[in-house]
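Structure record follows, encoded as structure tokens.
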Amino acid sequence: MTVQAMMEQLDLRLLTGGDLSREVTGCYCGDLLSWVMGKAQEGDCWLTVMGNINAVAVAVLTDCACIVLTENAALDENAKARAEQQGVTILTTAESAYQIAVKLSAVIA
Amino acid sequence: MDSIKLHYDISATDFTRAGAASGDVKRTLKALGVSPATIRNVAVAMYEGEINMVIHGGGGVIDVEITEDAIRMVLADQGPGIENVELAMKEGYSTAPDNIRALGFGAGMGLPNIKKYTDEFQLDTALGVGTTLTLKVFMK
Ligand SMILES: Nc1ncnc2c1ncn2[C@@H]1O[C@H](COP(=O)(O)OP(=O)(O)OP(=O)(O)O)[C@@H](O)[C@H]1O
Ligand SMILES: [Mg+2]
């Protein structure tokens, strides 16, 4: 399913828009950046509370489909600017990583 | 193709720019039509090395050489050096202070990631002199 469709189905709010037609092919949860760096796969929806500029760099380098900031975690201003500049999609939700992951697994093919 | 050489100066404490050099190399490789698997290996290794230079090494220089069959990266800093390399290479070992951990670093996975994602890995370090990583990723 596309990022756009996932956003609608899971009721996520858009903070920065990248390519919303990208396919979400998996999911990875984590806040420790080098853990995510080593494990997240291209096309993953990355669930995290880490809304800083370094998270944006990790999203770019792992080529994940988007970042979802869970539990209303804050997005830093400079991270927002960098994400916009690099075309990284960042979404937000009040729900926890667990709740989103459960819903996501039910809808992605 | 002729070899392509890239050079980056990595500043000591600028976390906001950290990842810029790896991002640039990634874009270059993409433009050259290098395979996603190879790009991923280079991106992970170089980012972790770049971040380590910023956090632990006091900044330094990165030289990248792209040839037909491989990408070679040399990351050199004049920082404090690594006291116990065996320990530093262990998953989960980190000396990152709390303020750095709060940013999401300090899992102790950087060096293990670099090793895992490269085909050739050499770490030269001396206390009070600095640390140099020489890495190679073959084109796949
Ligand atoms: N360039 C360097 N100069 C000095 N010490 C270093 C350097 N790179 C790594 N180290 C030491 O090796 C340890 C392990 O490095 P590693 O990259 O695996 O973990 P980390 O940087 O602490 O955390 P992470 O990479 O998971 O965010 C560091 O905590 C630090 O003590
Ligand atoms: Mg590290």
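The values are calculated or read from the model by the stated rules, or taken from the named source; none is laboratory data. Everything numeric here is computed off the predicted structure, so don't read it as measured data. Here the Cβ is made from the backbone with ideal geometry for all residues, glycine too, and neighbour counts use every protein chain on show.
Select the helices (runs of 4 or more DSSP H) contained entirely in the stretch A:1-101, then report the ones holding at least 2 residues which are within 14 Å of another protein chain (Cβ to nearest Cβ) and basic (Lys, Arg). It comes to A:77-86. State all residues of the stretch B:25-52 that are assigned to a helix (DSSP H, G or I) and more than 14 Å from chain A (Cβ to nearest Cβ); if no residue qualifies, say none. If the condition is that a residue be assigned to a helix (DSSP H, G or I) and more than 14 Å from chain A (Cβ to nearest Cβ), then B:Ala31 is the only one that fits. Across the stretch B:53-71, the qualifying residues are those that are part of a loop (DSSP other than H, G, I, E, B) and not polar (S, T, N, Q), and the one among them that is nearest to B:Leu135 (Cα to Cα) is B:Asp69. Exactly one residue out of A:Glu23, A:Glu8, A:Glu71, A:Glu42 is touching a Lys or Arg at 6+ places or on another chain (Cβ under 9 Å) and more than 24 Å from B:Thr16 (Cβ to Cβ): that is A:Glu42. B:Phe15 satisfies every condition listed in (1) crowded, with 16+ Cβ neighbours inside 10 Å; (2) more than 10 Å from chain A (Cβ to nearest Cβ); (3) assigned to a loop (DSSP other than H, G, I, E, B) except (2).
Yes or no, residue by residue, for (1) within 11 Å of ligand 2 (Cβ to nearest atom); (2) closer than 21 Å to A:Met50 by Cβ; (3) away from chain A (no Cβ under 14 Å):
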{"site": "B:His7", "(1), (2), (3)": "no, no, yes"}
{"site": "B:Gly23", "(1), (2), (3)": "no, yes, no"}
{"site": "B:Gly57", "(1), (2), (3)": "yes, no, yes"}
{"site": "B:Glu68", "(1), (2), (3)": "no, no, yes"}
{"site": "B:Arg72", "(1), (2), (3)": "no, no, yes"}
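With the structure loaded, tell me whether B:Gly58 is surrounded by fewer than 19 Cβ atoms within 10 Å (Cβ to Cβ) and either at pLDDT below 95 or over 22 Å from A:Lys39 (Cα atoms) (or both) or whether it fails that test. Considered against the rule, which asks whether it is surrounded by fewer than 19 Cβ atoms within 10 Å (Cβ to Cβ) and either at pLDDT below 95 or over 22 Å from A:Lys39 (Cα atoms) (or both), B:Gly58 comes out as yes.
Condition check: more than 15 Å from B:Gly49 (Cα to Cα), at the interface with chain A (Cβ under 9 Å from one of its Cβ atoms) and either near ligand 1 (Cβ under 9 Å from one of its atoms) or out of contact with any helix residue (DSSP H, G or I) (no Cβ under 9 Å at 6 or more places or on another chain) (or both). Does B:Gly104 satisfy that? Here the answer is yes, as B:Gly104 does meet what is asked.
Conditions tested, residue by residue: (1) touching a residue at least 12 places away in the same chain (Cβ under 8 Å); (2) in contact with a helix residue (DSSP H, G or I) (Cβ under 8 Å, 6 or more places away or on another chain).
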{"position": "A:Leu47", "(1), (2)": "yes, yes"}
{"position": "A:Met50", "(1), (2)": "yes, yes"}
{"position": "A:Asn72", "(1), (2)": "yes, no"}
{"position": "A:Glu77", "(1), (2)": "no, no"}
{"position": "A:Arg82", "(1), (2)": "yes, yes"}
{"position": "A:Ser96", "(1), (2)": "yes, no"}
